[in-house]
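Take a look at the structure below.
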Amino acid sequence: MGGPVVSVFIQFGLSANLPPVAVELFSRDMERLDVVSTYSGPPRSLTVPSLPVYARLRFPSGRIGPLREIHDPDFVLSAESMGVDSLKKPKKQAAPKPPSGIKAASPKRLLRKDPAAMQEMMAVPDRPRLVWAQNQPIALANQAVLSTFDMDGIIRRSNDGRTVTLRRSRTANLAREPGQLTVECHSARLRVCLPGNLAHIKVQASESRDGVECVDIAYHTHSGWADALTEYLQNGDFYSAQSMLDATDQSERLLSDKFLDPYGAAVGAYFLLRSGERLAFPIWLRRLADEFPSLPDGAVIWAWYLIRQEQAIDEGLRYLRIAARRGTPVFAEGRRLLIDGLYRAGEAGHEFLRRKPDAAQRVIWASPLTAWREDEAPGGGLAKVSFRLRPAPARD
Amino acid sequence: MSLYLRRNQGGALPCLHAFVIGVGDYPCLGAGRDRSLPALQALSSTPISALAITRWLEQDYHNPHCPLGTIELVLSPAQTLLNGDGESIDVEAATMANIETAFHRWFQRCDDNKQNIAFFYFAGHGLLRDDHFLLAADFGDPRALVRWKNCINFTRMRSGMERCRAQTQFFFVDACQDTPDEILSHIMPQGQNLVDATLYDRVASSTVCCAAPAKYPAYGIPGGPTFFCQALLQCLNGVAGYRTRGNWVVDSGTLMSALVHVMENLGRVHGLDLRAEVESTKPAPLHYPLDGAVMLLVDCLPTARRREVEISVRHSAGAHAGSPAGDSRPWTHTLPPGEIQIALITSTSTCNHVDRIQPPAYEWEGRL
């Protein structure tokens, strides 16, 4: 040890298209210094023994960028400086022209729910469909069907019938009701809880692999940093996930009147539970439990915070019962914590476990959203159908 | 007996206490089985993997703050082994009764000191039916009146381990999470929790790494260790390492992400869909390797010309590695951190690339 201590101020240049991503920093001797987030906030500063330092990006998808040497104490982070050109937003592809002799569908006509235009569109199966519909079964390739899709938005089905997407516009208030998606394939049925801040979901039926039909469901919400945090955890990158929460007090901010997103706040709160962090002012956790009854996760989170941090077991159990009465948590972690808590509560919790409506169903634990299969009798479903559910931000 | 090795007594000195289970034989799940249970093949890779993990703990595990204490080991088929201290050990079969007895001893040792590390590794068949069940060698025994008696309910076991005073716990599950048609009609199977906890119990750091997420079979090489075991050992030997205060450390945080990376890379190399499912609470250190390691993955474009290319890698420390033309691609190798020069060589051209590499992995795709 020796040499002068140099204060290196590393500034994160945020281009408009830079997604939330973690930056891993190393000293000249390749000792790990820190993992910080590029999400919004003031320029970050770091004190290091000497220059140069090294940095690399760690993406939510699991991809790790190359190491970049930093000599300049006023370094500006950008896609170019970090050698990751793919951070740039891809150019929009021109929409394919419809076959000749057929009028192009005007989105404006459809948005006014013009029955004649809708009829025209539905009658030509080869064209991409713009369907403004709810609870209308939508057929996919490989015998998959979206039988329930109870959220508003614009649904589009691809020409080859393999992909259906739902896109929802952003509103100021993201505390909308959660929804549910049901996908059926052969005799397998998958139900997925959808958060109210959902922005986009894509359901894709893939080619058979080893005789197994694959249905891939990718989604992202209007809370980019929460999606990044979820994806980091899915890929086991705990430190990068932690950096998302360190950048600003995201979860707490998301429950302010201006930025009302209880779903994003819940994602952050689950991480706080995992990391065992004790909050100085946990009032916003209580707000999540008391003010959003349609989101059972809030009560689950507050219950476990009381149990773990405050050792208020009776009050924690009371909130577990409240959560059980409110229904199925939107997030899989919430369901796991709810069941675990009720189980460990002994007889006081077991009565609620017995009443659990999805007790006999097969939960997909690898999914970040609560999802379960309701398959028919043996011979039909499980061996033939594979469902995969994952967060997939707009780009990486 | 199931106590394979005793290095330290524990007590005042914190230790790592391991419980390793390797199940290869499933005599009750063959042709003459109960038809309400799935037919599951015998496995050759799982006992080999369990032994590989045991040997690693014996020979390579290094943690000056929490040295190796004991290893409980059960294997099926049962066998006699020579441990690192030169003792001949009759390792017991991995039946449920033996697992329960060994688990009880392991729990007591872990419970001795809150700074102990509890290390659990299971390799064998697994089933998913809301909870994750790990099958003992006598699962499906027709003499058992309860069909799901001879299996561990891992979901409940992991939760129950919060009752243990050891505040750092690692669980490695090298087993499928499959749901065969036969068990669809079974109503809420229970299995054996082995331990339970209340809401008053808690643990600071609990890490679970599973070989495959739900619905994907875990893969193993017949006669060799499983891919998950290979990946885990690579990670423990430095791929999951980071350098801090002059020492390399593998903690649960870096171990999880490295394991996911290595499994995916192994999948790309072998043309399989390999994944790991990982979850952890607050990170805690596990192992202090002598050096870090980087999993290098090299490929080239266009893919049609992949096999024309010879790959040569030179490391700044003097090491040299490579793969001749004709070998499968992508190519993988493990190197220490540092500067490397990669060359893609054909009969007509050479493409060079220089970069600095750091754990866990470095991928490069050269273009001819």
Given R₀ = 56 Å, FRET efficiency for A:Asp290-B:Ala325 by Cβ-Cβ distance, to 0.05?
0.25
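Work out how much length A:Glu277 to A:Arg354 would gain on full extension: take 0.36 nm times their residue separation and subtract the Cα-Cα distance, in nm to one decimal. Could you put the intermediate results ahead of the total?
Working: separation 77, 0.36 × 77 = 27.72 nm, distance 3.22 nm.
Difference between extended and current length: 24.5 nm.
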Normalised contact order of chain B, rounded percent, pairs of Cα under 8 Å and 6 or more residues apart
14 percent
Hey, could you grab the Kirkwood Rh for region B:225-368? Inverse mean 1/r over distinct alpha carbon pairs, Å, one decimal.
15.9 Å
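Starting from the Cα gyration tensor of region B:65-147, take the square roots of the eigenvalues, sort them a ≥ b ≥ c, and report rounded, prolate or oblate (rounded when a/c is under 1.5, otherwise prolate if a/b is larger than b/c, else oblate).
Details: a/c = 2.29, a/b = 1.38, b/c = 1.66.
Oblate.
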Relative contact order for region B:1-79: what is it in percent, counting Cα pairs under 8 Å that are at least 6 residues apart?
52 percent
Of the trypsin sites (Lys or Arg not before Pro) in region B:1-72, those whose Cβ has at most 11 other Cβ within 10 Å and which sit in DSSP loop
B:Arg35
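Where does the charge balance sit around B:Pro77 when Lys and Arg score +1, Asp and Glu -1, over other residues with C-beta under 13 Å from its C-beta? Let's see the in-between values first.
Numbers: positive: none; negative: B:Asp25, B:Asp90, B:Glu92, B:Asp138.
For residues surrounding B:Pro77, the net value is -4.
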For a label point 7 angstrom out from the Cα of A:Leu46 toward its Cβ, which stretches of region A:232-246 have the backbone nitrogen within less than 19 Å?
A:237-246
In region A:255-334, with Lys and Arg counted as +1 and Asp and Glu as -1 at Cβ, which of these residues, A:Val300, A:Leu272, A:Ala324, has the Cα nearest the positive end of the dipole, that is, farthest along it?
A:Ala324
For B:His62, solvent-accessible area (1.4 Å; no DNA, RNA or ligand), Å²
90 Å²
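Kindly provide the Kirkwood hydrodynamic radius of region B:232-310 in Å, to one decimal, from all pairs of distinct alpha carbon atoms.
On the way: mean 1/r = 0.0716 Å⁻¹.
When all Cα pairs of region B:232-310 are included, the Kirkwood radius is 14.0 Å.
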Bins of 10 Å, beginning at zero and ending with the bin holding the largest distance: percent of Cα pairs per bin for chain B, please.
5, 23, 30, 23, 13, 5, 1, 0
Quick calc: nm separation of the 7 Å Cα→Cβ label points for B:Thr198 and B:Arg105 -> 3.0 nm
Please give the solvent-accessible surface of A:His186 in Å², to the nearest 10, using a probe radius of 1.4 Å with every protein chain present.
80 Å²
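Using the Cα atoms as the points, what is the convex hull volume per residue of region B:86-235 in Å³? Provide the component values of the computation, followed by the final result.
Numbers: hull volume 23.6 nm³, N = 150.
Considering the Cα atoms of region B:86-235, their hull volume per residue is 157 Å³.
Once you list every other residue whose beta carbon is under 11 Å from the beta carbon of A:Asp29, what net charge do they have if Lys and Arg are +1 and Asp and Glu are -1? Don't skip to the end; give the middle numbers.
Values: positive: A:Arg28, A:Arg32, B:Arg243, B:Arg245; negative: A:Glu31.
Computed value for this residue: +3.
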Starting at the first residue of region B:191-206, write each ³J(HN,Hα) from the Karplus equation 6.51 cos²θ - 1.76 cosθ + 1.60 with θ = phi - 60°, in whole Hz, x for Gly and Pro.
x, 10, 6, 6, 7, 10, 10, 10, 5, 7, 8, 7, 10, 6, 9, 10
Measuring from label point to label point, each 7 Å out along Cα→Cβ, what is the A:Arg170 to B:Ile187 span in nm?
5.0 nm
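Could you order A:Leu46, B:Leu274 by accessible surface area, starting with the largest, using a probe radius of 1.4 Å?
Of A:Leu46, B:Leu274, the descending order of accessible area is A:Leu46, B:Leu274.
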Among B:Pro285, B:Phe119, B:Leu43, whose Cα projects farthest towards the positive end of the dipole of chain B, with charges put on the beta-carbon of Lys, Arg (+1) and Asp, Glu (-1)?
B:Pro285
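Note down the magnitude of the dipole of chain B about its Cα centre, charges +1 on Lys and Arg C-beta and -1 on Asp and Glu C-beta and zero elsewhere, to the nearest 20 debye.
440 debye
Could you order A:Asp237, B:Asp60 by accessible surface area, starting with the largest, using a probe radius of 1.4 Å? Each step should come with its number before you reach the end.
On the way: A:Asp237 15, B:Asp60 75 Å².
If we order A:Asp237, B:Asp60 from most to least accessible, we get B:Asp60, A:Asp237.
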Region B:1-55: spread of alpha-carbon positions along the three principal axes, whole Å, largest first, is 51, 21, 17
If you take every residue apart from A:Pro293 with its C-beta less than 14 Å away from the C-beta of A:Pro293, what net charge results, scoring Lys and Arg +1 and Asp and Glu -1?
+2
Just for the Cα atoms in region B:182-292, what are the lengths along the principal axes, largest first, rounded to whole Å?
55, 45, 21
Relative contact order of region B:118-166, pairs being alpha-carbon contacts under 8 Å that are 6 or more residues apart, as %:
30 percent
Residue-wise HN-Hα coupling along region B:147-163, computed from phi with Karplus coefficients 6.51, -1.76, 1.60 (Hz; x: Gly, Pro)
4, 9, 6, 8, 8, 8, 7, 5, 4, 6, 5, 5, 5, x, 5, 5, 6
Inter-chain shielding of B:160-167 (mean C-beta neighbours from other protein chains, 10 Å cut-off):
1
Given R₀ = 35 Å, what would the calculated FRET efficiency be for B:Thr346 paired with B:His270, taking r from the Cβ atoms and rounding to 0.05?
0.90
Obtain the nm distance between the two label points defined at B:Arg55 and A:Arg390 by a simple spin-label model: each point lies 7 Å from its Cα along the Cα-to-C-beta direction.
3.4 nm
Long-range amide H partners of B:Tyr362, meaning residues 5 or more apart or on another chain whose placed amide H is closer than 5 Å, are B:Met295, B:Leu296, B:Leu297
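The values are calculated or read from the model by the stated rules, or taken from the named source; none is laboratory data. These numbers were taken from a predicted model, which means no experiment stands behind them. Note that each Cβ is placed from the backbone with ideal geometry, even for glycine, and that neighbours are counted across all protein chains shown. Only protein heavy atoms, including side chains, enter the accessible area calculation; ligands, DNA and RNA are left aside. Shrake-Rupley method; radii C 1.70, N 1.55, O 1.52, S 1.80 Å.
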